[in-house]
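Worksheet: the structure to be examined is printed underneath.
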Amino acid sequence: MSSVLVLALTGAGLILLGLHALIVKVHLLRKILALNIISSGIFLLLAGLAARTPGGEPDPVPQAMVLTGIVVAVAATALALALLLALRSATGRTRLDDDNGQ
Amino acid sequence: MAWLTGLPLAVDLVLGTTLLWLAWRALSSPDLFQAVALFIAFGVILGLVWARLDTIDIALAEIALGAGVTGALLLAALSQLQPAEVDARAAPSATGANEHQAGQPGQTAETADADEAQHKPAVFRALLAAVMGLLLLAALFGLGLVTWQLWEPSSGLTQQVNTHLPESGVEHPVTAVLLNFRGYDTLLEIAVLLLALIGVWSLATASNLGDTTPEPVLAALSRLLAPLMILVAAYLVWVGAHAPGGAFQAGSVLGAAGVLLRLSGWRLPAGAAGWPLRLVLALGVAVFAFIGIAVIGLGEPLLGYPTAWAKHAILVIELAATLSIGAILASLFIGGRP
């Protein structure tokens, strides 16, 4: 049981790593990567909590939610990348610096 | 053999540390291409972690979608970003918007990640970083504490799902939750996929459509692989009724087949890119919503299939959803309205 706890805590670590990069990094592609890492961390935490069942078989409801989440994350990533490319062709920028827009 | 009891924990520690390290490197390595490659490796290791947690359904979806399709999408976007950024450096101030970027010689958009907000005073930046670091550490501590305190055996909803499993029409609990007990989630999820594609299509038009023939080696290889992937997808839909598998895993494999065909040089024939493509894209949502609403006429609630028909209803929905998900994922990769 404790080895599942290790993986759930890894999920918590991933959420924080992604959140840090989402705030600090200025390149938009890096922010998209950070969002994906955050969502992976959330899925890991959720699936870790689903594995607390006494019988050993993980709870199927969080599993289905994580599956749904993975597909939605892919759709969101595709849309974000299309927005990034559109922004690049409209303004020539791929980063969100404070001083780039002046 | 007492030392063997610690082995699973050791494996999980190694997997967890590897995940954290890969995530850190993907987010901090100066080269964007390296970052994307590390992110794909992260997805594959995460797939192993899902298998360790006995969640085979998620492992299948993670490796096909999280590592496969997301990786392909990121690499495709990167390849479109890269040449123009080299241009911006080579030909300074080609456009007004590029001036700032071009004004710093040798600084491409990738390598500039390290120096955020250079113009603020150093003290202010240090203070900001310290405050943010403290906040993030507090959040990590809170999340860890909550996880720790929640950590007592709890069966969650397993009991309820197992009690109602015979009425669901399938024998695999995850498929039962996805397509019967929580049908709303899945219907809306396919709708979200379609919405994302509409968003992508409204932003760009696809280039390089029309009939072309790929190189002989790639053509032969893709002729071998594509039918095999279609076979795997069909197997995954069918097996989803009583074992890990189902519409999303099968749709991911179909989508990956589309990405592979596109990469090896095949193009959608111009005749199929019009209404036939749009029909396949919308089929999943249309069939799912039609069946979900039609059962109201039989005196059932919305999306509540009668037990006698549930198996057939779920199979029809899954087949339509698989086709649509595969087509939508492949179209997302092509990345524009044909």
Can you list the helices (runs of 4 or more DSSP H) found entirely within the range B:1-112 that contain at least 3 residues being over 22 Å from B:Gly251 (Cα atoms) and modelled with pLDDT under 90?
B:7-28, B:70-90, B:99-103
Qualifying position, being under 20 Å from A:Ala75 (Cβ atoms) and free of Cβ contacts under 8 Å to residues at least 40 places away in the same chain, among B:Ala250, B:Ala226, B:Ala286:
B:Ala286
Got at least one residue in the range B:228-237 being in a helix (DSSP H, G or I), crowded, with 17+ Cβ neighbours inside 10 Å and of a type in the set (Gly, Ala, Ser)?
yes
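Which of the following residues is within 20 Å of the chain's Cα centre (by Cα) and either within 25 Å of B:Val280 (Cβ to Cβ) or in a helix (DSSP H, G or I) (or both): B:Leu221, B:Leu134, B:Leu187, B:Leu225?
Details: B:Leu221 fails: within 20 Å of the chain's Cα centre (by Cα); B:Leu134 fails: within 20 Å of the chain's Cα centre (by Cα); B:Leu225 fails: within 20 Å of the chain's Cα centre (by Cα).
One residue alone meets the criteria, B:Leu187.
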Out of (1) at the interface with chain B (Cβ under 7 Å from one of its Cβ atoms); (2) in contact (Cβ under 8 Å) with a residue 24 or more places away in the chain, the odd one out for A:Gln63 is which?
(2)
State whether the residues of the range B:148-166 include one that is more than 7 Å from chain A (Cβ to nearest Cβ), modelled with pLDDT under 90, surrounded by 17 or more Cβ atoms within 10 Å (Cβ to Cβ) and not in a helix (DSSP H, G or I).
no
Can you pull out the residues in the range B:1-48 that are at the interface with another protein chain (Cβ under 7 Å from one of its Cβ atoms) and within 18 Å of the chain's Cα centre (by Cα)?
B:Leu19, B:Ala23, B:Ala26, B:Ala35, B:Phe39, B:Leu46
Consider only pairs whose beta carbons are under 8 Å apart and that are at least six residues apart or on different chains; among these, list those whose first residue lies in the range B:256-274 and is in contact (Cβ under 8 Å) with a residue 24 or more places away in the chain and whose second residue is aromatic (Phe, Trp, Tyr) and surrounded by 14 or more Cβ atoms within 10 Å (Cβ to Cβ).
B:Gly258/B:Phe333; B:Val259/B:Phe333; B:Arg262/B:Phe333
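Considering each residue of the range B:63-84, count those that are within 15 Å of B:Gln34 (Cβ to Cβ) and within 9 Å of another protein chain (Cβ to nearest Cβ), and give that number. Can you show your working first?
Of the residues in the range B:63-84, the ones within 15 Å of B:Gln34 (Cβ to Cβ) are B:71, B:74-75, B:78-79, B:81-82.
Next, from what is left, pick out any that are within 9 Å of another protein chain (Cβ to nearest Cβ): B:74, B:78, B:81.
Within the range B:63-84, residues that are within 15 Å of B:Gln34 (Cβ to Cβ) and within 9 Å of another protein chain (Cβ to nearest Cβ) number 3.
Whether any residue in the range B:261-279 is in a helix (DSSP H, G or I), among the small types (Gly, Ala, Ser) and at pLDDT 85 or above is what I want to check. Step through it out loud before you land on a result.
Looking only at the range B:261-279, we keep the residues that are in a helix (DSSP H, G or I), and these are B:261-263, B:270-272, B:275-279.
Those still in the list that are among the small types (Gly, Ala, Ser) too: B:270-272.
If we keep only those that are at pLDDT 85 or above too, we end up with none.
No, the range B:261-279 contains no residue that is in a helix (DSSP H, G or I), among the small types (Gly, Ala, Ser) and at pLDDT 85 or above.
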Is it fair to say A:Ser40 is touching a residue at least 12 places away in the same chain (Cβ under 8 Å), over 27 Å from B:Ala206 (Cβ atoms) and polar (S, T, N, Q)?
yes
Failed condition for A:Leu33, given (1) modelled with pLDDT of 90 or more; (2) touching an Asp or Glu at 6+ places or on another chain (Cβ under 8 Å), with all others met?
(2)
Has the range B:203-216 got at least one residue that is within 14 Å of another protein chain (Cβ to nearest Cβ), assigned to a loop (DSSP other than H, G, I, E, B) and modelled with pLDDT under 85?
yes
Looking at (1) at the interface with another protein chain (Cβ under 7 Å from one of its Cβ atoms); (2) under 18 Å from the mean Cα position of the chain (by Cα); (3) more than 28 Å from B:Gly156 (Cα to Cα), find the lone condition where A:Arg95 falls short.
(2)
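The values are calculated or read from the model by the stated rules, or taken from the named source; none is laboratory data. Predicted model only: the values in this text are computed from it and were never measured. Because the Cβ atoms are built from the backbone with ideal geometry, glycine has one as well, and the counts that use them run over all protein chains shown.
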